[in-house]
Amino acid sequence: MNELIFLRRPGAEVGEQREYRSTFEVEPFDLHGRHHEVTDAEAEVTVTRLSDGVHLDLEVRATVHTTCDRTLQPVELPMRFGDSEFVSRPDDEELAVKDWMLDVPGYARRALPTEIPMQVFAPGTEPVRPAEEEEELDPRWSGLRGLFGTER
């Protein structure tokens with residue numbers, strides 16, 4: 001399917017709904033000190049015509065290939081994200097809409113960096129944390145020690 005979806009079709013009746021599916025490619029990018037490659041990107045889009053615009057339901061699924069922060073081994077992150085928005089103008093930069101055309105890969109490029117966690121760990125690994133030590137309590141706070149039923 002075409003990667004551009006026309007949102008406001010002439011002659012469409014209020015309440016008319018159209019569904020679209022799109023597979024597309026997203027260019028690799030660097031974020032949080034790691035290189036990310038995106039595969040298997042696809043979107044499901046539902047456009048509902050309203051009297052003064054359209055309602056857009058958009059869901060993107062993709063697999064992001066990156067590296068584990070602890071082991072530096074390859075990791076696959078299945079991603080699922082989207083938006084459900086009312087679009088009343090022909091241009092919406094946040095949704096990658098220009099002249100009532102939704103740029104599906106453009107939306108994914110804009111949204112993916114906000115969806116990827118700052119730290120990525122392979123299954124079975126955990127972040128490195130300092131050894132737990134007995135937390136010293138400032139003596140001025142010792143009178144509050146039993147206030148919430150947690151004695152130390």
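The values are calculated or read from the model by the stated rules, or taken from the named source; none is laboratory data. Owing to the predicted nature of the structure, the values given are computational and were not obtained by experimental measurement. All Cβ positions, even for glycine, are placed from backbone atoms using ideal geometry, and neighbour counts span all protein chains on display. For accessibility, only protein heavy atoms count, side chains too; no ligands or nucleic acids. Shrake-Rupley method; radii C 1.70, N 1.55, O 1.52, S 1.80 Å.
One table, with the values for the structure above:
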{"read-out": "Zone of L4's modelled label, taken as backbone nitrogen in the stretch 71-112 under 13 Å from a point 7 Å along Cα→Cβ", "value": "97-106"}
{"read-out": "Candidates P139, P127, P117: whichever shows maximal mean-square fluctuation once the chain is modelled as a Gaussian network with Cα springs under 10 Å", "value": "P139"}
{"read-out": "Alpha-carbon spread of the chain, three principal axes, descending order, Å", "value": "74, 41, 22"}
{"read-out": "Inter-label distance, nm, simple model (7 Å from Cα along the C-beta direction), D57/R89", "value": "2.6"}
{"read-out": "Paired Rg and Dmax values of the stretch 9-89, which use every Cα atom, in angstrom", "value": "17.3, 56"}
{"read-out": "Rounded accessible area of S51 (nearest 10 Å², 1.4 Å probe)", "value": "90"}
{"read-out": "Accessible surface of the chain, 1.4 Å probe, proportion on carbon and sulfur as whole %", "value": "48"}
{"read-out": "Value of [θ]222 nm, deg cm²/dmol, for the chain, DSSP H segments ≥ 4, -39500 (n - 2.57) each, nearest 500", "value": "-2500 deg cm²/dmol"}
{"read-out": "The stretch 16-152 - accessible surface per residue (Å², probe 1.4 Å)", "value": "68"}
{"read-out": "Ratio Rg/Rh [Cα only; Rh per Kirkwood] for the stretch 78-122", "value": "1.08"}
